[in-house]
1. Among the residues of region 1-17, what is the count of those that are farther than 16 Å from residue 56 by Cβ and either of a type in the set (Lys, Arg) or modelled with pLDDT of 85 or more (or both)?
2. Only residues in region 111-127 that are touching a residue at least 24 places away in the same chain (Cβ under 8 Å) and hydroxyl-bearing (Ser, Thr, Tyr) count as the first member; pair them with residues that are assigned to a helix (DSSP H, G or I) and surrounded by 10 or more Cβ atoms within 10 Å (Cβ to Cβ), Cβ under 6 angstrom, at least 6 apart or cross-chain, and list the lot.
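The values are calculated or read from the model by the stated rules, or taken from the named source; none is laboratory data. Just so you know, these numbers come straight off a predicted model, no measurement behind them. Glycine also receives a Cβ, built like all others from the backbone with ideal geometry; neighbour counts cover every protein chain displayed.
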Amino acid sequence: MNKSHLHALRKHEILRKKQLISLLFSSGIGVRGDFLKMVYADLRQESLSFPGIPAILFAVSKKTVPLAVRRNRIKRMMREAYRIEKLSIKRGGEYEQDGAEAKKLCIVFLYTGRKKSLPDLQAFREEISRLMQSMRLS
C-alpha cells in the first residue's frame with residue numbers, strides 16, 4: 001500500500017520558507033511564457049533532507065484573478081501540469097560544487113494570464129514543459 005507514484009508531488013517538494021521565497025524573487029532568473037512566468041535559482045539550503053528534489057511554488061495574484069475559486073482552480077491545474085512534466089528537469093535539484101555548500105533548485109510559477117478564458121490542462125502542460133526546457137543552470 002505504500003507504493004510511491006513516480007509523478008507524485010509530495011509535501012516536501014513545496015517551497016514554504018519566506019526567507020527562501022524572498023531570496024528567490026530577488027536573485028532568481030525569470031523566464032516568461034504566454035501566460036506563465038517562471039523564476040528559478042540555485043539557493044543554499046540549511047536542511048538537506050530530500051536530495052535531488054527541486055522546491056516548487058505556485059502563485060496566482062489576486063490582482064490578476066480576483067475570484068478565489070478561479071485562483072484555486074488555476075493553482076490546481078498548474079500543480080497537476082508540473083506533477084506530470086516534472087521529470088523533464090535536466091538535472092537533480094541538489095548538488096555540490098567542488099566542496100562548496102550544497103545548493104537546491106527552487107522554482108516559482110506565476111500565472112500572468114490576462115485573458116478572460118482560462119487555459120486548459122494541456123496548455124498548462126505545454127507551457128510548463130517549454131519553460132522548464134528553457135532553464136539554463138550553471
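1. Matching residues across region 1-17 total 1.
2. 111/74
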